[in-house]
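Reading through the structure tokens given below for one structure.
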Amino acid sequence: MSCKAIVLAAADGSRMRSDKPEAMLEVLGEPMLGWVLDSLAGAGISPADTGIIVGYGADTVKKYIEGRGEYRIFTQSGNSGLMQAAEMSADGGDVIVLRGNMPFVNSETVASVINAHKEAGSDVTVMSADLPDPGDCGRIVRDADGGLEAIIAREDATLPQLGITEVDSGLYVFRAEALGSALTDELSLTGTIAAIR
């Protein structure tokens, strides 16, 4: 089965000191969301199989999306947008979830993570990176066997966890059934990942 996509584009631009939606901030003259959508298309995921979750500045994001293809749009309210978007994959297969502010994730990376997920037969695959100075990034916590145990936000991390240099990239691939059954109004996306594992 083919892979579908969910793009998280609901955040405001306050982290970057802008009043624009974060995903609409430009890199080389193109909104970051555009780079993400191009990468998904290059990996073979069509607009019809791509759901975009909007929130802050929704009208601005929707207007931009409408000029690019027939994407499916969902409005964030708690986890409801993500839960609705996940229903796109109710027929099974896999779904990649990534943020709309990731302009440097190219189509080759998207395809390779999806392929690695399929080959492993996992319920969830998380792309991570090792950063000597992880800053505000979420930490990847592993169990004694090296498997993924949890993703911990910096503000929730214990002192030992703050020393972890493996960090969350914000790109995940789920078996659609596992994502759909684990999502709730109460759990964050990273909490859902911990529940699935």
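Close amide H pairs (under 5 Å, H built 1.01 Å from N) link Glu149 with Val141, Arg142, Asp143, residues at least 5 positions away or on another chain.
First check a/c for the stretch 1-92, with a ≥ b ≥ c the square roots of the eigenvalues of its C-alpha gyration tensor; if it is under 1.5, answer rounded, and if not, answer prolate when a/b is larger than b/c or oblate otherwise. Verdict is oblate for the stretch 1-92.
Protein heavy-atom accessible surface, 1.4 Å probe, per residue over the chain: 50 Å². By the helix-only formula, in which each DSSP H run with n ≥ 4 contributes -39500 (n - 2.57) and the sum is divided by residues, the chain has a 222 nm mean residue ellipticity of -8500 deg cm²/dmol. Ligands, DNA and RNA left out, the 1.4 Å accessible surface of the chain is 49% carbon and sulfur atoms.
Is the shape of the stretch 58-114 best called rounded, prolate or oblate, per the rule: a/c under 1.5 gives rounded, else a/b larger than b/c gives prolate, else oblate, with a ≥ b ≥ c the square roots of the Cα gyration tensor eigenvalues?
Oblate, because a/c is 1.5 or more while a/b does not exceed b/c.
Taking every lysine pair in the chain that is 8 or more places apart or spans two chains, those with Cα atoms closer than 26 Å amount to 5.
Placing dummy labels 7 Å off each Cα toward the beta-carbon, the span from Ala157 to Thr75 is 3.6 nm. Decide, for the stretch 87-150, between rounded, prolate and oblate: order the square roots of the alpha carbon gyration tensor eigenvalues as a ≥ b ≥ c, take rounded if a/c falls under 1.5, and otherwise choose prolate if a/b is larger than b/c, else oblate. Judged from the Cα gyration tensor, the stretch 87-150 comes out oblate (a/c at least 1.5, b/c at or above a/b).
The values are calculated or read from the model by the stated rules, or taken from the named source; none is laboratory data. Note that this is a predicted model, so its numbers are computed, not measured. Glycine also receives a Cβ, built like all others from the backbone with ideal geometry; neighbour counts cover every protein chain displayed. All accessible areas refer to the heavy atoms of the entire protein, side chains included, with ligands and DNA or RNA removed. Shrake-Rupley method; radii C 1.70, N 1.55, O 1.52, S 1.80 Å.
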